[in-house]
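Heads up, the thing below is written out as structure tokens.
Read-outs: derived from the displayed coordinates by stated rules, not from any lab. What you see is a predicted model; the values in this text were computed from it and never measured. For neighbour counting, all protein chains shown are included, and Cβ atoms are generated from backbone atoms with ideal geometry for every residue, glycine included.
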Amino acid sequence: MKKMVIKIILSLTAVIFAVSCGNSANSSTNPDTDYPTDNYFYVAENSYTLGYEHDIIEVDTDASYSQVKKQAAYKFSITPSDASCSVTIANITIKGTGTITDVNLSASDLSVPSYIKNGEEISVSLTSTGVNKFKASPKTQKAVYTVTLEFKNGESTKNVDIDLTVIPVKIITKEEIENMINTLGTSGTVTVIDGIIPRAEFNFSTFSLTSSGSSFTATSEYIYTNQQFSASSVKYDLQSQIEKSSSFKTLAGLTLDYNSVTTSITGANKNLAITFKFGLKTGYALDSSSSFITTSGMKITLILKNNTWK
């Protein structure tokens, strides 16, 4: 009986040992198990920190140079993290979700880096042949693509799909912005108010857009005795008049946020400088002579002759 028990125990031990060795062998030779080996290779797009418009290329198809106004940007998570992967475009497919559906792109129409590292921000742009394909496309409309990138690390390869949108931009010119301010109010004469009274009139018909700004002296002032003009009220009033003007609405691509409009008072409280820092909607761009209005801003100084600002 003892011999029989010993034989059973030895048999079970042999089975357990064989199963254990079999699992160990599988984990070291099968790269598709849950436990990555030294040769494990993984790639995924990881662009969430770049903003929701990171995958947009904006292009000025009318320009003779510097045609790409904005490049698309991406990041990728790569394992192993010290890998430097060679990258090629394997395929480009136009999707039906855009308003431009007749521009097919090939690999030679896009510019992508030859090598990409883990967590590195990279840019994707159009080549000159890619730009030319959008020459006849409508401005501010978009073409949406799925671009398949092939990553190679040694003998291992991985394909990753990314979304890409191309938009031919409409250019807003310096002259259009000047006309917007020149025609405010009645023939350029603008009344700014702080409540009902005080109020003052300024003529903006000679406005010129420069980085240093334009100054205007009041043509008339109405005020109660010992009352001052509120800079914040007048700032809000003038911003509102700009946004409600037909020219601003026609341009369509400009935005103006209240928090991006600032004021400063100088000259014995008689000079009020209002700086308007504009934004741009997707699909619009500024010409080179007006691009500063999105950075340093457009400055208009209002000068009172008989009263002061507070």
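Out of segment 42-121, which chymotrypsin sites (Phe, Trp or Tyr not before Pro) are coil in DSSP terms and have no more than 13 other C-beta atoms within 10 Å?
TYR52, TYR65
Excluding residues fewer than 8 places away in the same chain, name every one of the aspartates and glutamates whose C-alpha is closer than 18 Å to that of LYS142.
GLU53, ASP55, GLU58, ASP60, ASP62, ASP102, ASP109, ASP163
Which of (1) 25, 34, 24, 11, 5, 2, 0; (2) 34, 61, 4; (3) 28, 31, 27, 14, 0 is the computed P(r) over Cα pairs in 20 Å bins from 0, in percent for the structure on display?
(1)
What helices does the chain hold that run 27 Å or longer along their axis, going by alpha-carbon atoms, with a Kyte-Doolittle average of 0.0 or more, using DSSP H for the helix calls?
2-29
Out of the chymotrypsin sites (Phe, Trp or Tyr not before Pro) in segment 169-247, which ones are loop residues according to DSSP with at most 12 other C-beta atoms within 10 Å?
TYR224
Please compute the modelled spin-label separation between GLU121 and SER156, points set 7 Å along Cα→Cβ, answer in nm with one decimal.
Calculated label separation equals 2.8 nm.
Would you calculate the separation in nanometres between label points at THR146 and ASN269, each defined as 7 Å from the Cα along the Cα-to-beta-carbon direction?
Output for this residue pair reads 6.6 nm.
With a ≥ b ≥ c taken as the square roots of the eigenvalues of the C-alpha gyration tensor of segment 49-122, please select rounded if a/c is under 1.5 and otherwise prolate if a/b is larger than b/c or oblate if it is not?
Prolate, since a/c reaches 1.5 and a/b exceeds b/c.
Suppose we flag GluC sites (Glu not before Pro) only when DSSP calls them loop and at most 14 other Cβ atoms lie within 10 Å. Which is the longest uninterrupted stretch of the chain?
Excluding the exposed sites themselves, the longest stretch runs over 156-310.
What ³J(HN,Hα) values, in whole Hz, does the Karplus curve 6.51 cos²θ - 1.76 cosθ + 1.60 give for segment 201-209 when θ = phi - 60°, with x put for Gly and Pro?
With the stated coefficients, segment 201-209 comes to 10, 9, 9, 9, 5, 9, 4, 10, 7 Hz.
Distance between Cα centroids, segment 190-265 to segment 73-127: provide it in whole Å.
With segment 190-265 and segment 73-127 each reduced to a Cα centre, they are spaced 46 Å.
So which of LYS174/LYS305; LYS95/LYS139; LYS75/LYS139; LYS135/LYS170; LYS69/LYS95; LYS70/LYS299 end up more than 21 Å apart, counting from Cα to Cα?
LYS174/LYS305; LYS75/LYS139; LYS69/LYS95; LYS70/LYS299
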